[in-house]
Every structure is written in structure tokens, then in C-alpha cells.
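Notes to accompany the following structure.
Rule-based calculations on the coordinates, nothing more; no lab input. A quick note: this is a predicted structure, and the numbers were derived from the prediction, not measured. Using ideal geometry, Cβ is built from the backbone for each residue, glycine included, and neighbour counts are taken over all protein chains shown.
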Amino acid sequence: MKTETSKKISAQIIEQLNSTNVNTSIQAISNLKENGNVNYIPALVELLHTTQHPEVKAQLRVLFSEIKQTEAVPFLIEAIENKKYNNELQPLVSACWENGLDFSMHLSLFINLVIEHELMVAFEAYTVITNMSGKISKEILEKESARLKDAFFQADDQKKELIHDLLHFLPDFERGIEPQAY
């Protein structure tokens, strides 16, 4: 996808994405990888939600993981926060660390995902967090650490490991970390 300030999306492309012909949908996804803009993301998330075709789902996952435009972050966060897309959380959250975009302003959301969701989504959210860079305030460190400590006692053994690791990661984040340094 390209960075474009134009908010225009083509009704024809939306029609192709939602085609009953799998090849037409896949070709539209491929075209968006090359020439699309981030304003197609809501339609692509909806297609991920509604399609029954494994090939279409796979192509959408690849597209989300390859997005490099920072303007995509709010669209992905909105989709992750939308309860309608709970069944798509794993691929959406996975894309957040795979595409390398900066989601550090949404630390609390990803900690919620670690605490509240099943292991696969929690692991993807954990991976997003541990790939964050920058610096958080002492207030955020204390608030998020307290939430993780509270959740630790209700978590199963596998999630306890994730939470334990995050409790060790957050102080480094408060001091400031470089991308991929942890």
C-alpha cells in the first residue's frame, strides 16, 4: 500500500474485493498491495471477517503484515478494539508486530489483550509489546505493572510466563529502548 492523502476509495475495487469469485478477490487484494491506500483497511478488515475462503484470508493476512504506512495504525487499532472482529484478533494483532509500525502509544490496549484473551491472541499482543521502542513514563510503568501483577494470579501457567516477562520488560521500556533491542 502506498501513502496517499486521498481518502477516495473505488466502489469498483470494493466490489472486486467482495466478489464471489475467489480469484477476483485475490487479484483486488494484490492490486491494493501495490496501488492501494490505507483508507481501504476497514473494507479489508470487514472482508477478513466475512469471507469463508482460506486463500482470501491468507492474502489479507499477508497484506496487513506488509503495510508500512504509519497512517495505517489508527485503522488497525480501531479494528482490534471493535468487538465485532474478535474472531479476527489473532491475525490483526499479529500484523501489528509483523509490519513493524509503531504501536507504542497503544501499550495499554495490548496489555489488555494479554490479560483478557486466549493464549494465541495474548502471545501476539505480547510480541507487539516486546517489539515496541521508545520510552514510557513512570506513571504508565506503574499503572501497567500493577494491572499485570493483578492479572498474574488469575492467569494460567502459560499466560503467567508472558505476564512475568512483561513485568521485566516494562522497566526497560520506561528507561527507553531501541527498536528490536529486547
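Brief remarks on what is shown
- Measuring nothing but alpha carbons in the stretch 102-182 and taking Rh as the Kirkwood radius, the Rg to Rh ratio lands at 0.93.
- Just so you know, the averaged projected area of the alpha carbon convex hull for the chain sits at 10.6 nm².
- Net charge of the neighbourhood of Ala146, taken over other residues with C-beta under 14 Å away and scored Lys/Arg +1, Asp/Glu -1, is -1.
- When the P(r) is computed for the stretch 55-108, the part past 13 Å accounts for 56% of the Cα-Cα pairs.
- Volume per residue of the convex hull around the Cα atoms, evaluated for the stretch 1-101, comes out as 85 Å³.
- Charge dipole (debye, nearest 20) of the stretch 102-182; +1 at Cβ of Lys and Arg, -1 at Cβ of Asp and Glu: 240 debye
- Choice from Asp157, Asp172, Asp102 with maximal GNM fluctuation in the chain (Cα, 10 Å cutoff): Asp157
- Projected label points at Gln158 and Gln12, each 7 Å from Cα along the beta carbon direction, are separated by 4.7 nanometres.
- Across Met105, Met120, Met132, mean-square fluctuation computed from a Gaussian network of the chain (C-alpha pairs under 10 Å connected) peaks at Met105.
- Extension gain, Ser19 back to Leu167 (0.36 nm per residue minus Cα-Cα distance, nm): 48.7 nm
- In order along the stretch 100-107, phi translates into HN-Hα couplings of x, 6, 8, 10, 4, 6, 10, 3 Hz, rounded to whole numbers, per the Karplus curve 6.51 cos²θ - 1.76 cosθ + 1.60 with θ = phi - 60° and x for Gly and Pro.
- Dipole-positive endmost among Gly176, Trp97, Asn82 within the chain (Cβ charges, Cα centre): Asn82
- In this Cβ point-charge picture (+1 for Lys and Arg, -1 for Asp and Glu), the chain has a dipole of about 360 debye about its Cα centre.
- Structure remark: mean-square fluctuation, Gaussian network model of the chain, C-alpha springs under 10 Å; the largest value among Phe169, Phe110, Phe123 belongs to Phe169.
- The rule of thumb for compact globular proteins, 2.2 N^0.38 Å, goes into the C-alpha radius of gyration of the stretch 5-55 1.06 times.
- For the stretch 1-72, a crude dipole built from +1 on the beta carbon of Lys and Arg and -1 on the beta carbon of Asp and Glu, taken about the Cα centre, is about 100 debye to the nearest 20.
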